[in-house]
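Every read-out reported here was derived from the displayed coordinates using simple, explicitly stated rules and does not represent laboratory data. Owing to the predicted nature of the structure, the values given are computational and were not obtained by experimental measurement. Note that we place each Cβ from the backbone using ideal geometry, even for glycine, and neighbour counts take in every protein chain shown.
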Amino acid sequence: MQVIHDLASLDAAARSLGRAHGLGGAFVPTMGALHEGHAALVRRAAQLAAPTKAPVIVSIFVNPTQFNERADFDRYPRTLEADAELCRAAGATIIFAPSVETMYPTPAAAPIPPLPRVATDPKLEDAFRPGHFAGVCQVVMRLFKLVEPDHAIFGEKDWQQLQVITAMTAEAKLATRIIPHPTLRDPDGLAMSSRNRFLTPSERTIAPTIHRVMQHARSIASPLDAEAHMLRELQHAGFRPEYAVVRDAITLGSPTPDRPARILVAARLGSVRLIDNIPR
Ligand code: AMP
């Protein structure tokens, strides 16, 4: 496995694969602080790349432009050595861990692409993290231009992000196929997240309530009643919920009986903001 930090080495890797630019292969973009959820995405990438012996690329970049709170960016864990070991064990062949200067040398090198409606209209992450999806689309577009992956694997954990990237890729007519991967959870139901390490022991016992509450909401026929139930239960458990909603799974607009729906929650617990979702 090769660890690449700069564009000259990325170009050299492309040439050694017999390509003029870009690496092709299967790609997992991350911000590092990797856990078993990320490892599952890398293993899926390795499966997709195996038939053509294409590279399995993981990017590790804590992208400043997608953080809407400076403190969250500053304290985001940076654990490159452990990340590299996890990637190697999961089957990665190349880690791309660029600096901010390498990713954003000039404004023109990494323009913010047009944002799809699912990034601006639902009033979910877009409302509570203003500017977040502009940063996500900017970094993913820049990475896709550099890597030119055949496949890119994204976790369902970040459901709105998955829909945003899928729509952006389709609208820009990119050749990259977006592959969703189910959410990995701890045994008690808490969705794995790099931010879970900031939960205190007592918050950690409360955190799986999100998953339990969403599961119960599934059994409530009326979306409005399901939403009211989730908000009430989350507040009761000590969360500060931002949203707890039932939405169309793809547009994230109002649900309709004839289309797949999704239950989505964002809630703060102490200093940590947790998000999760399940199918309706
Ligand atoms: P990040 O944690 O923001 O670096 O996420 C990198 C990728 O891993 C994104 O596609 C996430 O959706 C995905 N991911 C993060 N946590 C999980 C999880 N628990 N299960 C599956 N995918 C995940």
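On full extension of the chain, what length is gained from A50 through L80, given 0.36 nm per residue of separation minus the C-alpha to C-alpha distance?
Values: separation 30, 0.36 × 30 = 10.80 nm, distance 2.52 nm.
Roughly 8.3 nm would be gained on extension.
Summary value for the chain: 17 percent relative contact order, contacts being C-alpha pairs under 8 angstrom separated by 6+ residues.
Here is the tail figure for the chain: Cα pairs spaced more than 32 Å apart come to 24 percent of all pairs. Within the chain, antiparallel bridges make up roughly 50 percent of the DSSP beta bridges whose residues both belong there. Beta bridges assigned by DSSP with both partners in segment 144-280 are antiparallel in approximately 75 percent of cases.
Within a straight-line Cα-Cα reach of under 17 Å, K123 can be paired with the following aspartates and glutamates, leaving aside sequence neighbours fewer than 8 residues apart in one chain: D158, E227, E242, D248, D276.
Need the full-extension length gain, A89 to S9, defined as separation in residues times 0.36 nm minus the C-alpha distance. One decimal, nm.
Working: separation 80, 0.36 × 80 = 28.80 nm, distance 2.26 nm.
Going from the current span to full extension adds 26.5 nm.
Can you tell me the 0 to 90 degree angle between the C-alpha axis of helix 209-218 and the longest principal axis of the chain, rounded to 10? Between helix and principal axis, roughly 70 degrees.
The lysines within cross-link reach of K145, meaning a Cα-to-Cα straight distance under 22 Å and a gap of 8 or more places when in the same chain, are K53, K173.
What's the local net charge at G253, with K and R +1, D and E -1, over the other residues with C-beta under 12 Å away? Cβ neighbours under 12 Å give a net charge of +3.
What value in Å³ per residue do you get for the convex hull of the alpha-carbon atoms in segment 181-234? Mind dumping the intermediate values first?
Values: hull volume 5.3 nm³, N = 54.
Dividing the Cα hull volume of segment 181-234 by its residue count gives 99 Å³.
Amide hydrogen proximity for R177: with H placed 1.01 Å from N in the peptide plane, the residues at 5 or more positions away or on another chain lying under 5 Å are H151, A152. Each Lys and Arg contributes +1 and each Asp and Glu -1, all at the Cβ; summed about the Cα centre of the chain, the dipole is approximately 240 debye.
What net charge is computed for the residues neighbouring S222, neighbours being all others with C-beta under 15 Å from the C-beta of S222, Lys and Arg scored +1, Asp and Glu -1?
+2
Counting Lys +1, Arg +1, Asp -1, Glu -1, what net charge surrounds N196 among other residues with beta carbon under 15 Å of its beta carbon? Neighbour charge sum, excluding N196 itself: +1. Calculated on the alpha-carbon coordinates, the convex hull of segment 239-280 measures out at 61 cubic angstrom per residue. Net length available on complete extension from S271 to S254 is 3.1 nm, with 0.36 nm assigned per residue and the Cα-Cα distance removed. Oblate is the label for segment 1-80, because the ratio a/c of its alpha-carbon gyration tensor axes (a ≥ b ≥ c) is 1.5 or higher and a/b is not greater than b/c.
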